[in-house]
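All remarks here apply to the structure that follows.
Every read-out reported here was derived from the displayed coordinates using simple, explicitly stated rules and does not represent laboratory data. Because the structure is a prediction, the values reported are computed rather than measured. A quick note on method: Cβ atoms are made from the backbone with ideal geometry, for glycine too, and the neighbour counts reach across all protein chains shown.
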Amino acid sequence: MTPGLAALVDPGIAELRARIASDEPFVVHGVGASIAELVALPFLASLDALLDAWPDLVNVHLPDVADEASTITASPHDARKLFANGMGLLFDDAQRYAPRLGPWLDAIRADLGLSALTQQRCLVYATPAAGGTAAHFDQNVNFVVQLHGTKTWWLARNTHVTQPLTRHTIGQPVDPELSTYARLPMPDELPASRVEIVLEPGSVLYVPRGTWHATRATTAALSLNFTFSPPTWIDVFTAALRSRLALASGWRATAAPLAIASFDALLRELADEAPHWHAADILAATEGT
């Protein structure tokens, strides 16, 4: 099949779109032929194959938090030893070393209707038996393809913040900007409303942006993530605004507190121009349409 959402969740595409619209997780099991191209990638045949082929450093999740909040990097040789000692591994930007993943990222992003400015990447997670990740939420959208082993996920709707701009792990300090718009304090455990989903080889899980989740592997497990960090309206507008302001020498002048009168004049000019701006024009510039 052609790479894209339909192939990734075959045959659950209609239900997936409904879950995306309601900002809910979605899982489908027994996906086989439609993702055969992914499963057949030689370096994903096993963790040993991945470590043998990986040409870069590996992110290792330390046991104190078991999360990206506490990570070191190690060579593939050392990462193998650390995995044997119960530490999870993360192989970042896997599409750099497996070009066949690129068309999947592009097609899924297009099917989701995300901006061309979206940051997209493939992550490969190796989790030892009885290992997992601490409860957290991400600022991105994730599709998890379970390749080997069995892993349990617990997921819950986030009632403390919607549309987060950064990730947060339970028990860790709250990002300063996040604290300005989240409902604090953050919980100290996953909400009681959490649902449990067990992923086995051939399972595909959609995790919406901001959803609380934690994982634990029953056996040593390997999964491939398609991860998308789309720009917000903040990002689109500020990128367009910077491009527009950069055309004027006054805005390019060095900021100095003593020149506050000049700054006021620039702001008045901007206020006069802003009513004539239109969303379609801004998107045409940022999306290249």
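Key figures for this structure:
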read-out	value
Relative contact order (%) - the range 1-138, alpha-carbon pairs under 8 angstrom, separation at least six	24 percent
Length-normalised contact order for the chain - Cα pairs under 8 Å, 6+ apart - percent	22 percent
Per DSSP, loop GluC sites (Glu not before Pro) in the range 189-289 with at most 16 further Cβ within 10 Å	189
Packing-based exposure ordering (other Cβ within 10 Å, fewest first) of 247, 112	247, 112
Stretchable slack from residue 46 to residue 256, in nm (0.36 nm times residue separation minus alpha-carbon distance)	69.8 nm
Computed [θ] at 222 nm, deg cm²/dmol, the chain (DSSP H ≥ 4; -39,500 (n - 2.57); rounded to nearest 500)	-8500 deg cm²/dmol
Fraction of alpha-carbon pairs over 20 Å apart in the range 39-133 - percent	42 percent
Alpha carbon Rg of the chain, scaled by the compact-globule rule 2.2 N^0.38 Å	1.15
Enclosed volume per residue, in Å³, of the convex hull spanned by Cα atoms of the range 194-264	201 Å³
Packing-based exposure ordering (other Cβ within 10 Å, fewest first) of 54, 104, 277	277, 54, 104
Sequence of 108, 260 once ranked by neighbouring C-beta atoms within 10 Å, starting from the fewest	260, 108
